[in-house]
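Asks: Sharing a structure here in structure tokens format.
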Amino acid sequence: MKAWLHSFPDLPDTVASPADLARLELESALPGTPCTLEHVPAMGESYRVEKTAAGYTVSGGDSGLLYGAYALITRILSGESVPPVLASAPKYGLRMVDCWDNPDGTIERGYSGRSLFFEGNRLVYDPARMRELGRLLASVGLNVLCINNVNVHFPGQLLLEDMLPEAAALADIFRPFGIRLMFSIDFSQPMRHGIPTADPLDSAVQAWWKETAARVWTAIPDLAGFLVKADSEGRPGPFTYNRNHAEGANMLAEAVKPYGGIIVWRCFVYNCRQDWRDRTVDRPKAAFEHYAWLDGQFADNVILQIKHGPFDFQVREPVSPLLLAMKHTNLAMELQLAQEYTGHQIDLYTMIPMWRELFAEMPADNIMSIAAVSNLGRDANYTGHPLAAVNLFTYGLLAWDPDTDAEASVSRWARLTYDFTPEQHRCLVSLLLSTRRTYEKYTAPLGIGWMVNPHDHYGPNPSGYEYDLWGTYHKADRNAVGIDRTASGTGYLEQYSADLQEKYGDPATCPDLYLLFYHRLPYSFVMKDGRTLIQRIYDDHFEGLEETKALAEAIAALPFPEPDRAEIFRRMELQLRDAREWCDIINTFFHRLSGVPDTHGRVIYD
Ligand code: GCW
């Protein structure tokens with residue numbers, strides 16, 4: 001079993017550089033194929049692989065050589081033909097994986113076991129597993145790993161204080177893989193050191209961060225930077241001192257600048273203490289309102305990291321208007337591999353079709369970097385569900401090249417993981433590509449989002465958040481459902497350009513799958529295909545359940561090797577149970593409210 005390179009030989013712990021590693025990997029993966037490496041430092045991360053009479057010549061800069069080696073290895077092992085010249089450069093500078101790992105070994109929104117990096121409030125790890133992880137990430141071109149949760153509570157802060165030697169040793173392990181570490185920091189951290197404030201304009205605060213940066217970069221000279229969640233869901237930030245986020249981020253940026261460090265500043269700022277009675281606040285508007293006016297005011301070494309949609313990693317959201325608005329600021333788009341709202345790595349959910357849709361709405365040049373919340377954990381297969389690894393793999397390819405084709409990349413992962421016949425392979429790829437739509441059908445309808453159990457975010461609960469503080473309401477009543485976000489409603493749509501306002505503003509032209517994100521509509525609303533809104537809701541849910549049954553049958557017919565087989569089947573059973581629960585609860589919810597029967601007379605439980 002190839003298992004996407006897990007089963008490769010363990011790497012020696014003495015690898016000096018990406019070039020050395022490239023040589024080792026080529027020798028062990030392609031024995032008997034002579035490969036020559038040409039180190040061209042100016043090529044940086046880019047590579048060129050050329051077929052020669054005897055074998056291949058791989059040229060590239062430091063990590064370019066390694067990426068070239070993996071490009072060749074993964075193509076050959078997946079049975080793809082290698083063109084005479086294979087040359088590539090990454091589109092985005094920082095291709096980040098953000099782990100939400102806590103020092104006590106738990107992972108916030110983690111579904112693959114405990115942390116790979118922490119236990120008992122210490123940084124402890126298995127070096128052999130770290131090398132294996134380095135190989136997985138580098139083999140798809142990922143180059144930054146933030147190891148700790150953006151929610152930095154004490155003792156997470158100790159990373160900068162007394163876990164630095166262990167962190168430096170970890171950075172040494174990842175360095176030959178072209179991977180740099182990043183740390184999440186707590187904006188109020190100076191206050192643990194006798195400074196009475198964290199005001200970014202206070203000179204003692206500024207001096208503390210400068211000294212800290214000097215200490216941290218002395219220990220880890222190539223640390224990529226700091227990741228900051230400020231004024232978000234209770235985390236401290238500049239608002240406490242009446243400072244804006246440019247003032248906060250720029251202060252940190254100045255401290256890390258001498259070392260080439262970057263401040264990645266998250267824009268997940270909204271009122272998480274909203275009164276559901278208050279109709280004047282519409283949560284998706286928040287990020288744009290907080291940041292768009294600051295465009296052009298951030299230092300060069302600040303990157304604003306913006307979640308892909310205006311809410312929070314729902315199954316379907318429009319592209320965040322902030323990603324389209326800030327033309328004079330370095331931006332990173334944040335995706336989420338961890339399946340927080342997409343089935344907890346129990347339900348099958350292949351993400352690349354969704355990511356392709358995002359890029360169809362947003363020019364790839366709008367961003368300079370890309371990040372994804374990790375789906376990794378200490379489980380032997382790293383991603384809990386064996387098939388969830390496809391999301392890490394395809395994310396890497398997309399972060400390198402946003403034009404990456406969904407089917408081709410899923411297909412490469414499948415070939416690198418399972419030895420199937422061509423027919424079985426085609427079946428697996430098409431199943432994986434279908435899973436996002438299936439999940440979307442049986443969960444909250446037509447872009448409305450949420451409807452999950454509060455807090456853990458798994459399973460249906462149509463009004464679980466309806467009278468809560470989080471700003472995620474559907475306002476379903478006996479006549480209608482949804483929130484009007486056009487100019488006549490909350491005005492959210494006005495954060496977009498005129499052409500998008502036109503496309504989404506009229507329910508007659510708004511694509512069906514976004515209808516209830518933008519509009520409040522009566523159940524009798526007639527959709528483009530002639531069905532009523534309520535009938536469409538019922539149909540989608542019944543279809544989602546039927547598709548899941550078919551998925552389970554097709555998956556059962558594929559010869560997955562153990563231990564994957566047992567794990568895949570076990571989770572498929574749970575997905576089937578949950579899809580049924582979703583289908584019946586959502587249909588019953590809308591049927592009870594509307595009183596409208598299903599035109600096909602299928603069973604809806606009252
Ligand atoms: O959706 C919320 C999650 C939190 C997470 C937060 C964020 C790390 O439920 O668990 O906190 O997003 O992105 O900061």
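Asks: If each residue of separation counts as 0.36 nm, what is the full-extension length gain between Arg602 and Ala87 once their alpha-carbon separation is subtracted?
Replies: Once the chain is fully extended between Arg602 and Ala87, it gains 179.9 nm.
Asks: Moving on. Mind pulling the per residue volume of the convex hull built on the Cα atoms of the chain? Å³ is fine.
Replies: Roughly 153 Å³ of hull volume per residue.
Asks: Is the shape of the range 163-281 best called rounded, prolate or oblate, per the rule: a/c under 1.5 gives rounded, else a/b larger than b/c gives prolate, else oblate, with a ≥ b ≥ c the square roots of the Cα gyration tensor eigenvalues?
Replies: Prolate shape, in that a/c is at least 1.5 and a/b is the bigger ratio.
Asks: Students sometimes get this wrong: rank Asp564, Asp419, Asp202 by accessible area, probe 1.4 Å, all chains present, largest first.
Replies: Asp419, Asp202, Asp564
Asks: Under a 1.4 angstrom probe, counting protein chains only, how are Asp275, Asp347 ranked by accessible area, largest first?
Replies: Of Asp275, Asp347, the descending order of accessible area is Asp275, Asp347.
Asks: Separate question: When the chain is fully extended, how far beyond the present Cα-Cα distance does Leu500 get from Thr218, taking 0.36 nm per residue of separation?
Replies: On the way: separation 282, 0.36 × 282 = 101.52 nm, distance 4.82 nm.
That works out to 96.7 nm of additional length.
Asks: Still on this structure, please answer the following. Taking H placed 1.01 Å from N in the peptide plane, check which residues at least 5 places from Asp231 or on another chain put their amide H under 5 Å from its amide H.
Replies: Under 5 Å from the amide H of Asp231: Gly237.
Asks: For the range 3-88, what relative contact order do you get, as a whole percent, if you take Cα pairs closer than 8 Å and at least 6 residues apart? Intermediate values should be presented prior to the final figure.
Replies: Numbers: 136 pairs, mean separation 23.7, N = 86.
Contact order relative to length: 28 percent.
Asks: Right, another one. Amide H of Val97 versus every other amide H placed in the peptide plane: which residues, excluding those fewer than 5 positions away on the same chain, fall under 5 Å?
Replies: Val144, Leu145, Cys146, Ala372
Asks: Could you pull the accessible area for Ser524 with a 1.4 Å probe, rounded to 10 Å²?
Replies: 80
Asks: State the percent of C-alpha pairs, over all pairs in the range 499-540, separated by a distance greater than 13 angstrom. Each step should come with its number before you reach the end.
Replies: Details: 432 of 861 pairs.
Beyond 13 Å sits 50 percent of the P(r) for the range 499-540.
Asks: Which pairs in the list Lys307/Lys475; Lys327/Lys475; Lys528/Lys549 are over 31 Å apart, alpha-carbon to alpha-carbon?
Replies: Lys327/Lys475
Asks: Which whole-number percentage describes the relative contact order of the range 267-422, with Cα contacts under 8 Å and a sequence gap of 6 or more?
Replies: Relative contact order for the range 267-422 comes out at 18 percent.
Asks: Sticking with this one: Out of the DSSP beta bridges found with both residues in the chain, what percent are antiparallel (nearest 5)? Present the calculation step by step, with values, prior to reporting the outcome.
Replies: On the way: 16 of 52 bridges.
The antiparallel proportion sits near 30 percent.
Asks: Quick one: compute the contact order of the chain, relative version, from alpha carbon pairs under 8 angstrom and 6+ residues apart, as a percent.
Replies: Relative contact order comes out at 12 percent.
Asks: Show me the trypsin sites (Lys or Arg not before Pro) within the range 62-138 that DSSP assigns to loop and that have at most 12 other Cβ atoms within 10 Å of their Cβ.
Replies: Of the trypsin sites (Lys or Arg not before Pro), not one in the loops of the range 62-138 has a Cβ with at most 12 other Cβ atoms within 10 Å.
Asks: From largest accessible area down, sort Phe174, Phe569, Phe420; use a 1.4 Å probe on the protein chains. Don't skip to the answer; put the middle values down first.
Replies: Values: Phe174 0, Phe569 60, Phe420 40 Å².
Sorted descending by solvent-accessible area, the residues read Phe569, Phe420, Phe174.
Asks: Same structure again: Write down the accessible area per residue of the chain in Å², having rolled a 1.4 Å probe over the full set of protein chains.
Replies: In whole numbers, the chain has 36 Å² accessible per residue.
Asks: Separation between the Ala53 and Ala3 pseudo-spin-labels, each 7 Å from Cα along Cα→Cβ, expressed in nm?
Replies: According to this spin-label approximation, the distance is 4.2 nm.
Asks: Take the alpha carbon atoms of the range 11-80, find their center, do the same for the range 229-267, and report the distance between the two centers in whole angstrom.
Replies: One Cα centre to the other: 39 Å.
Asks: Looking at the range 3-88 only, what percent of DSSP beta bridges run antiparallel? Nearest 5 please.
Replies: The answer is about 65 percent antiparallel.
Asks: Still on this model: Quick check: residue separation of Glu166 and Ala508 times 0.36 nm, minus the Cα distance between them. What number comes out in nm?
Replies: Going from the current span to full extension adds 117.3 nm.
Asks: Using only the Cα atoms of the range 265-325, what semi-axes does the equivalent ellipsoid have when each is the square root of 5 times a gyration tensor eigenvalue? Give whole Å, largest first. Walk me through the numbers on the way to the answer.
Replies: Working: eigenvalues 98, 40, 19 Å².
After diagonalising the Cα gyration tensor, the semi-axes are 22, 14, 10 Å.
Asks: Sticking with this structure for a sec: Could you look at the chain and say what percent of its accessible area is carbon and sulfur, using a 1.4 Å probe and all protein chains?
Replies: Carbon and sulfur atoms account for 53 percent of the accessible area of the chain.
Asks: While we're looking at this one, here's another question. What is the Rg over Rh value, at two decimals, for the range 3-88, using alpha-carbon atoms and the Kirkwood definition of Rh?
Replies: Working: Rg = 12.1 Å, Rh = 12.9 Å.
Here the Rg-to-Rh quotient is 0.94.
Asks: Tell me what the chain gives for mean residue ellipticity at 222 nm when only DSSP H runs of n ≥ 4 count, each as -39,500 (n - 2.57), the sum divided by the residue total, rounded to 500 deg cm²/dmol.
Replies: When only DSSP H runs of four or more count, the value is -11500 deg cm²/dmol.
Asks: Can you grab the distance from the C-alpha centre of the range 539-606 to the C-alpha centre of the range 379-445, Å, no decimals?
Replies: Computed from Cα coordinates, the inter-centre distance equals 20 Å.
Asks: Let me ask something else about it. Got a number for the accessible area of His39? Probe 1.4 Å, square angstrom, nearest 10.
Replies: Per-residue accessible area (His39): approximately 100 Å².
Asks: Could you pull the accessible area for Lys210 with a 1.4 Å probe, rounded to 10 Å²?
Replies: Lys210 exposes around 90 Å² with every protein chain in place.
The values are calculated or read from the model by the stated rules, or taken from the named source; none is laboratory data. From a predicted model like this one, the values you see are computed outputs, not experimental measurements. Cβ coordinates were reconstructed from backbone atoms using ideal geometry, including for glycine residues, and neighbour counts include every protein chain displayed. Only protein heavy atoms, including side chains, enter the accessible area calculation; ligands, DNA and RNA are left aside. Shrake-Rupley method; radii C 1.70, N 1.55, O 1.52, S 1.80 Å.
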